[in-house]
Amino acid sequence: MDWSKLLYWLAVGFSVALFVPGLGSQAYYNWKRGTTQGLHPVLVHLFPISVGLWLLWGIVRELWPPIVTNTFGFLFSSIILWQYYVLPREERR
């Protein structure tokens, strides 16, 4: 058994488990509240760039684990970036 491949796919699984519920729930929470209050602009802008670069690296290297993982991260972080500009930054009363 190739332990490095097992570790590789375990890392993918845990990353997807972080991206989907974590970023997905943040995007849903923003939409439900109708605001992006509390999100730091540096995080909102740098995170999609970071996961986008990892996604491109995985595509260039033809490595499925980073492609799968970072596709979810890029999707949800891009939704949050879009929400940052579309939704108000203060809670509606």
- Message: Only one of SER25, SER50, SER78, SER15 is exposed (fewer than 13 other Cβ atoms within 10 Å of the Cβ), polar (S, T, N, Q) and in a helix (DSSP H, G or I). Can you tell me which?
- Response: SER25
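Does the stretch 28-47 hold any residues that are in contact (Cβ under 8 Å) with a residue 12 or more places away in the chain and either at positive phi or assigned to a helix (DSSP H, G or I) (or both), and which are they? Walk me through how you get there before you give the answer.
The initial filter retains those residues of the stretch 28-47 that are in contact (Cβ under 8 Å) with a residue 12 or more places away in the chain, namely 30-31, 33-37, 39, 41, 44-45, 47.
Those that are in contact (Cβ under 8 Å) with a residue 12 or more places away in the chain and either at positive phi or assigned to a helix (DSSP H, G or I) (or both): ASN30, TRP31, ARG33, GLY34, PRO41, VAL44, HIS45, PHE47.
Each reported figure results from applying straightforward, stated rules to the coordinates on display, with no laboratory input. Computed from a predicted structure; not experimentally measured. Note that we place each Cβ from the backbone using ideal geometry, even for glycine, and neighbour counts take in every protein chain shown.
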